[in-house]
Amino acid sequence: MELRITPRVVQRGRNVTMACLHQIHDSEIYSVQWYKGTQEFYRYTPLESPTTRVTPVSGIKVDRLNSNETHVVLMRVTQNLSGNYSCEVIQNAHTFPHYTASARLDVVGIGGLRATELRISPPVVQRGSDATLACLYELTDAPLYSVKWYRGRHEFYRYSPTEQPATKIFPFAGINVDLARSNQSQVVLTKVSFGLSGNFSCEVTADAPSFATSIVSNNMEVVVLPPLSPVIVTSQHYYMPGDILRANCTSGPSRPPSDLTFYINDIPVSPGLYNVHPAPEGLFRADLYIQIQLWPAHYERGAPILRCEAKVGNLYRDNSVVALYTANSDPKIERVTSPGSAAKLQTCQILLLLHIIVWANNT
């Protein structure tokens, strides 16, 4: 099922064709119904006479001569007809299964303009890397006059196709525009810094006669992820059931600081004491301290496994693990002997003893 609206963005006063595309054979169709929002305005029912029916909805004028079982033509649309439309196909079967498809219609003024989205890629930017800001917009029957880019309220880049040169850069601390990769729909920033975290906007203006303007915004976040796995430090080397485990986990430097969680045998340990400390270059180190008594249940499957997980939003996750061995379970370096070596050693000891006795009798 698909509802295809042509054109999807249209000037007021024009006609619009809505096509309900499906793979159900005509002989199997009980009805096709058309809606603006929840209001039905047109129905095709092949078993009735007449086969088409128009239900009055404010502002909608159906061209009945050019509408049929798959298409509806709306005449001289007005801006209040902007919104969601749907078509529902009911199959002529025992259970009368329903199939629905939806789409949106936007009606704009003469020389219409609609900015839809400011898309930042990647959504979260690593400090020192590049970011692409794409301004998505739709123009109808009007040329582009300009696209202006802002960080907060400060314009830093402009594209004006009627001027020479078409691009202009306005100095802004920390912003480096790659002109070779920037144009009327995107601007590329290189070597981004923390100071660029915040709100960005693109303002699109249509040319004469309307000079209509539309603006969209989005936030960019600049981060630094931890360079290494989290580090676990415990207060002693060996632990027995009944001992108090004191452990600390550290992660960083990063920005924002890592969220830390301790687990014993994959069960979260809480509460803990979480702290964030400043680090050079505007970064942060995070640490988490826990104190917990170990019970025999922790040792049911052998040495308990202590794990620390560090997370930075959905961007970064890493773990470090230590096993809490008892002193008796600690591996030891043992003497390795070949089979029969003990018997050979005993024979040598007896011969040495006899030699000493003989020597004593001779003296």
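The values are calculated or read from the model by the stated rules, or taken from the named source; none is laboratory data. Since the structure is predicted, the reported quantities are computational estimates derived from the model, not experimental observations. Methodologically, a virtual Cβ is constructed for each residue, glycine included, from the backbone with ideal geometry; neighbour enumeration extends over all protein chains shown. When the accessible area is computed, the model is the full protein with side chains, heavy atoms only, and any ligands, DNA or RNA have been set aside. Shrake-Rupley method; radii C 1.70, N 1.55, O 1.52, S 1.80 Å.
Brief remarks on what is shown
- Single residue of region 1-45 satisfying the filter (over 18 Å from residue 55 (Cα atoms) and among the charged types (D, E, K, R)) that is surrounded by the fewest Cβ atoms within 10 Å (Cβ to Cβ): 26
- Screening region 156-178 for residues that are under 28 Å from the mean Cα position of the chain (by Cα) and not in a loop (DSSP other than H, G, I, E, B) and picking the one that is surrounded by the fewest Cβ atoms within 10 Å (Cβ to Cβ) gives 177.
- Selection within region 73-119 - among the aliphatic types (A, V, I, L, M) and in a loop (DSSP other than H, G, I, E, B): 75, 77, 93, 110
- For residue 216: the one exception among (1) open to solvent by less than 10 Å² (accessible area, probe 1.4 Å); (2) in contact with an Asp or Glu (Cβ under 7 Å, 6 or more places away or on another chain); (3) aliphatic (A, V, I, L, M): (1)
- Being of a type outside the set (Phe, Trp, Tyr), over 37 Å from the mean Cα position of the chain (by Cα) and closer than 25 Å to residue 138 by Cα holds for only one residue in 83, 59, 37, and it is 59.
- Region 275-287 residues that are part of a strand (DSSP E or B), paired with ones that are of a type in the set (Phe, Trp, Tyr) (beta carbon under 8 Å, 6 or more apart): 275/289; 276/284; 277/284; 278/284; 286/274; 287/274
- Any hit, region 192-212, residues being of a type in the set (D, E, K, R) and within 30 Å of residue 281 (Cα to Cα): no
- Where residue 313 falls short, out of the listed (1) touching a Leu at 6+ places or on another chain (Cβ under 6 Å); (2) of a type in the set (Gly, Ala, Ser); (3) closer than 30 Å to residue 150 by Cβ: (1)
- When every residue of region 21-31 is checked against the conditions, at least one turns out to be within 16 Å of residue 103 (Cβ to Cβ) and at pLDDT below 95.
- Of the numbered criteria (1) in contact (Cβ under 8 Å) with a residue 40 or more places away in the chain; (2) open to solvent by 60 Å² or more (accessible area, probe 1.4 Å), the one residue 98 fails is (1).
- Among the residues of region 137-155, those identified as in contact (Cβ under 8 Å) with a residue 60 or more places away in the chain, open to solvent by 40 Å² or more (accessible area, probe 1.4 Å) and not charged (D, E, K, R) are 137, 139, 143, 145.
- Among the conditions (1) touching a residue at least 40 places away in the same chain (Cβ under 8 Å); (2) at negative phi, residue 58 misses just one, which is (1).
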